[in-house]
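Below is one structure, written out as structure tokens; comments come after it.
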Amino acid sequence: MALFDVAADSYARLMGRFVEQLADRFDEPPVILDAGPDPVAVVREVARAKGPGGRVTACAWDHAGGCAPSSGFWDVVWRYDPAVDGEGEPPGSAAGDLTRILTEAGLREVEETRLTVELVCATFAEWWHPYTLGVGPAGAYVAR
């Protein structure tokens with residue numbers, strides 16, 4: 001699912017460098033955990049980059065709860081093609097997953113909350129365009 005075809009430890013180092021480079025520009029740049037191959041390694045590396053006492057913010061789409069931006073797309077696909085896997089359940093995408101991942105990575109004082117965002121598109125074409133790029137499971141499905 002990741003845009004980069006790299007080993008898990010390389011992805012973790014990439015995320016660590018991302019945090020090191022952006023730490024002075026943002027209060028809390030989030031680590032997006034549902035795209036990488038080894039979320040625990042990613043969190044460990046980000047925590048290392050933050051240093052002792054640093055705060056790690058992580059997020060993932062609620063695929064398990066049907067609240068990801070692509071959930072409506074997959075609802076329609078499954079109506080006509082029920083054998084398709086769809087997005088599956090990426091790391092962090094179910095209630096309690098983020099807490100488990102962060103604590104497995106050695107973080108303490110972990111608090112998991114739900115953040116609701118609204119996706120607003122002016123037209124259907126604007127909403128549909130990302131699916132035509134062939135990125136991720138939804139893009140791969142459209143490209144078949």
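In this structure the amide hydrogen of TRP61, modeled in the peptide plane, comes within under 5 Å of the amide hydrogens of ASP34, none closer than 5 places in sequence on its chain. Computed 3J(HN,Hα) for the stretch 126-142, one whole-Hz value per residue from the Karplus formula 6.51 cos²θ - 1.76 cosθ + 1.60 where θ = phi - 60°, is 5, 5, 6, 3, x, 5, 7, 7, x, 8, x, x, 5, x, 5, 5, 5, glycine and proline marked x.
From the largest down, the stretch 70-135 spans 44, 31, 20 angstrom on the principal axes of its Cα atoms. Protection proxy ranking of 124-134, 90-100, 57-67, by the mean of other Cβ atoms within 10 Å over each peptide's residues and highest first, is 90-100, 57-67, 124-134.
Only the coordinates and a few stated rules stand behind these numbers; no lab work does. In this text, all values refer to a predicted model and were calculated from it rather than measured experimentally. Glycine also receives a Cβ, built like all others from the backbone with ideal geometry; neighbour counts cover every protein chain displayed.
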